[in-house]
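Beneath this line is the structure, given in structure tokens, with notes to follow.
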Amino acid sequence: MVALLTDDALVTMPPLPLEYQGHEAIAGFMRQRAQLRSAPMRVVATRANTQPAFGCYLPDADAAIARPYGLFVLTLEGDAIAAITWFADTALFSHFGLPRTLPGL
């Protein structure tokens, strides 16, 4: 995903006052977040305000399902990503037609 970013791309996570701008900062943030997870996220495509968005799910080995983790929305400029907005509120999933869980691991 980092290769698709504009030079001045921005990652935000409302309502948290955190933001990351540019390839290096965003790549570092994504690497750090991936290292904190015990398994890769699964994603399901949707749309938000006409932009591509993805519901992210983390596997739950004890229940053999994947549970909602967060939603990210891409802001596009042409064929590049100008911004990624991350929402940790998984209650939003139902508003985007995303399933409550994903089966299997």
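The values are calculated or read from the model by the stated rules, or taken from the named source; none is laboratory data. None of these values were measured; they are calculated from a predicted model. FYI the Cβ positions are ideal-geometry reconstructions off the backbone, even for glycines, and counts take in every protein chain you see. Calculation scope for accessible area: heavy atoms of the full protein, side chains included, ligands and nucleic acids excluded. Shrake-Rupley method; radii C 1.70, N 1.55, O 1.52, S 1.80 Å.
For Val73, the stated conditions hold: it is surrounded by 14 or more Cβ atoms within 10 Å (Cβ to Cβ) and touching a Pro at 6+ places or on another chain (Cβ under 9 Å). Whether any residue in the stretch 42-54 is part of a strand (DSSP E or B) and touching a Lys or Arg at 6+ places or on another chain (Cβ under 9 Å) is what I want to check. Within the stretch 42-54, one or more residues are part of a strand (DSSP E or B) and touching a Lys or Arg at 6+ places or on another chain (Cβ under 9 Å).
Out of the residues in the stretch 53-64 that are buried (at least 17 other Cβ atoms within 10 Å of the Cβ) and farther than 17 Å from Met13 by Cβ, which is nearest to the chain's Cα centre (by Cα)? Across the stretch 53-64, the extreme among qualifying residues is Tyr57.
It is to be established whether one or more residues within the stretch 30-52 are open to solvent by less than 20 Å² (accessible area, probe 1.4 Å) and closer than 14 Å to Val73 by Cβ. Yes, some residue in the stretch 30-52 is open to solvent by less than 20 Å² (accessible area, probe 1.4 Å) and closer than 14 Å to Val73 by Cβ. For the stretch 15-29, enumerate the residues that are open to solvent by 60 Å² or more (accessible area, probe 1.4 Å) and either touching a Pro at 6+ places or on another chain (Cβ under 8 Å) or within 19 Å of Phe87 (Cα to Cα) (or both). Result: Pro15, Leu16, Pro17, Leu18, Glu19, Tyr20, Gln21. Being at pLDDT below 95 and among the aliphatic types (A, V, I, L, M) is the filter; apply it to the stretch 75-101 and report the residue that is nearest to Tyr57 (Cα to Cα). So the residue we want is Ala88.
Could you check, for the stretch 89-100, whether at least one of its residues is aliphatic (A, V, I, L, M), surrounded by 13 or more Cβ atoms within 10 Å (Cβ to Cβ) and in a strand (DSSP E or B)? Checked against the condition, which is being aliphatic (A, V, I, L, M), surrounded by 13 or more Cβ atoms within 10 Å (Cβ to Cβ) and in a strand (DSSP E or B), the stretch 89-100 yields no hits at all. Ala82 meets all of the listed conditions (1) open to solvent by 60 Å² or more (accessible area, probe 1.4 Å); (2) in contact (Cβ under 8 Å) with a residue 40 or more places away in the chain; (3) closer than 24 Å to Ala9 by Cβ but one, namely (1).
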